[in-house]
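Enquirer: One structure follows; several queries about it will come next.
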Amino acid sequence: MTIHIGSGLIYTIVIGFLVGLVARFFYPGRDPMGFIFTTLLGIGGAVVAGYIGQALHWYRIGQPAGFIGSVLGAILILLLVNAVARR
């Protein structure tokens, strides 16, 4: 029996990066950030969307958020970060 932990991690990084790119594309303004922060933004967006979706009973526990929900979660994170950074 072989366990492929690395493939799941690589999948998470790739999807997180894509979600982060799409969120940055749709968010107005300039946010200079590199590959790592864009990826973390996408992964964070998925976590936020999953948590909010479970609280609103859109997703069941253990069910991941969809791509659009993850992008919306990432945009929410960008809004919050920029609001705090302006102060």
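Enquirer: Say we look at the range 18-65 and pick out the residues that are among the small types (Gly, Ala, Ser) and free of Cβ contacts under 8 Å to residues at least 12 places away in the same chain; which of these is nearest to Leu78 (Cα to Cα)?
Expert: Gly34
Enquirer: From Ala65, Ala23, which residue is buried (at least 17 other Cβ atoms within 10 Å of the Cβ), within 16 Å of the chain's Cα centre (by Cα), not in a helix (DSSP H, G or I) and not β-branched (Val, Ile, Thr)?
Expert: Ala65
Enquirer: Quick one: would you say Gly29 is open to solvent by less than 60 Å² (accessible area, probe 1.4 Å) and either closer than 26 Å to Ala85 by Cα or in a helix (DSSP H, G or I) (or both)?
Expert: The answer is no for Gly29.
The values are calculated or read from the model by the stated rules, or taken from the named source; none is laboratory data. Here the structure is a predicted model, which means the values were calculated and not measured. Please note: Cβ atoms are built from the backbone with ideal geometry, for glycine as well, and neighbour counts cover all protein chains shown. In case anyone asks, the SASA skips ligands and DNA or RNA and just uses the protein heavy atoms, side chains included. Shrake-Rupley method; radii C 1.70, N 1.55, O 1.52, S 1.80 Å.
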